[in-house]
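Asker: Have a look at this one.
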Amino acid sequence: MLGAVLGDIAGSIYERHPIKTTDFPLIQDGSAFTDDTVMTFAVAKSLIEADAQGAGALKKALVQNMQALGQAYPDRGYGGYFSQWLRAENPKPYGSFGNGSAMRVSPVGWIAASVEEAAHLAKITAEVTHDHPEGIKGAQAIAVCIVLARQGADKDTIRQTVTDRFGYDLSRNLDAIRPDYQMDATCPGSVPEAITAFLEGRDYEGTLRLAISLGGDSDTLACMAGGIAEAAFGMPAVLREKAYAMLDDNLRRLACAFSAFRFGKLGA
C-alpha cells in the first residue's frame, strides 16, 4: 500500500506543473501527500474494521472513515463534488466516474485472496461515491492488477486479464500516449495509462517516473501505477522509509495497523 502512497507524494508537485520526462527529482521541497493518500488510508481502516462483516458493514465504515479522515485532513486537493460529500450529513453516491475510486483502492489488492474477491471489494469501495459503471470498473481494474501482481502473474497475463475483463485498450505504448496526453481525472482517461506505466516499468521507482512523465493528473497516475508496481517489484527500503517519514503519526499508525491486519489475514 505504501507504493501507492509514495506515488501520490512523488507526483504531487507535478500535477499543476506537468512534465514529459522521466528525469526529475523523485521527492523534493513541496512534495506532500494529497487526497489520494488520505482516502487510501480511509479504505484501509474500513477494511480492518469491517473484516468479514459483509458489504453493508464495509459501506458504513467507508462512509464514516472517509468523512472523518477527509475532514481531519482538509485542503488536500479534494474535488468539488467529493468535498461536498465529505461534509454531507447523509452522503450519497453521486454518479462519478472520476479516478478517485481507483486512487484509493490499493488496500483491496493487498488483502484480497483472488481476482474475484478483489473485484467484489473494489466495487464496494467505489460505489459509496463513484457508482457510475466506469468509476467502479476503474477501481476494480487497479485492485485486480495488484492482486495478480502480488500472486506472481506475469505482465502478459495482467495485460490480457485487464483487456478481457474490463475492456481497456492497453495496446498503445507510453511514447505514443505522452505527446498529446493532458490532464484527465476520469477513470477511462487515466486508469489504462497508469496500468500501461506499470507494464512498461522495470522496477518500482522507474514505474513512478514513467507514470509522472505522462503529465496530467500526475499524483493519481503515480499512485495507481505505484500500487501495482510495489506488488510486482517490491519497494526499496529507502523509499519505504521515505514514505513513512512523510506521513504524520496518525497515518503511520494506520499504515502499521493495516500491515499487521494483512499479515494476519494472508500470512504474507
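The values are calculated or read from the model by the stated rules, or taken from the named source; none is laboratory data. Keep in mind it's a predicted model, so treat the numbers as computed, not measured. Ideal geometry is used to build each Cβ from the backbone, glycine not excepted, and the neighbour counts take in all protein chains shown.
Here's the yes/no breakdown for (1) surrounded by fewer than 16 Cβ atoms within 10 Å (Cβ to Cβ); (2) in contact with a strand residue (DSSP E or B) (Cβ under 9 Å, 6 or more places away or on another chain); (3) part of a helix (DSSP H, G or I):
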residue	(1), (2), (3)
ALA141	no, no, yes
CYS145	no, no, yes
ASP156	yes, no, yes
TYR168	no, no, no
ASP175	yes, no, yes
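Asker: Can you name the number of the only condition in (1) in a helix (DSSP H, G or I); (2) more than 27 Å from ALA211 (Cβ to Cβ); (3) touching a helix residue (DSSP H, G or I) at 6+ places or on another chain (Cβ under 6 Å) that PRO91 fails?
Answerer: Checking PRO91 against (1) in a helix (DSSP H, G or I); (2) more than 27 Å from ALA211 (Cβ to Cβ); (3) touching a helix residue (DSSP H, G or I) at 6+ places or on another chain (Cβ under 6 Å), the one that fails is (1).
Asker: With respect to ALA149, determine if the residue is closer than 18 Å to MET235 by Cα, at pLDDT 95 or above and assigned to a loop (DSSP other than H, G, I, E, B).
Answerer: No, not satisfied.
Asker: How many residues, within segment 153-171, are free of Cβ contacts under 8 Å to residues at least 24 places away in the same chain, of a type in the set (S, T, N, Q) and under 20 Å from ALA231 (Cα atoms)?
Answerer: The number of residues fulfilling the criteria is 3.
Asker: Same structure, new question: Out of contact with any Leu (no Cβ under 7 Å at 6 or more places or on another chain) and of a type in the set (Val, Ile, Thr), is that true of THR196?
Answerer: Judged against the criteria, THR196 is not a match.
Asker: Specify the residue that is modelled with the lowest pLDDT; the eligible residues are those in segment 221-268 that are small (Gly, Ala, Ser) and not in a helix (DSSP H, G or I).
Answerer: Taking the candidates together, the pick is ALA268.
Asker: Could you give me the residue pairs with C-beta distances under 7 Å whose first residue belongs to segment 8-28 and is over 10 Å from ASP217 (Cα atoms) and among the hydroxyl-bearing types (Ser, Thr, Tyr), whose second residue is in a loop (DSSP other than H, G, I, E, B) and at pLDDT 95 or above wherever it lies, and which are 6+ apart or on separate chains?
Answerer: THR21/SER213; THR22/SER213
Asker: Are there any pairs, at least 6 apart or on different chains, whose C-beta atoms fall under 6 Å, with the first in segment 127-152 and farther than 12 Å from ALA102 by Cα and the second of a type in the set (Phe, Trp, Tyr), and if so, which?
Answerer: HIS132/PHE97
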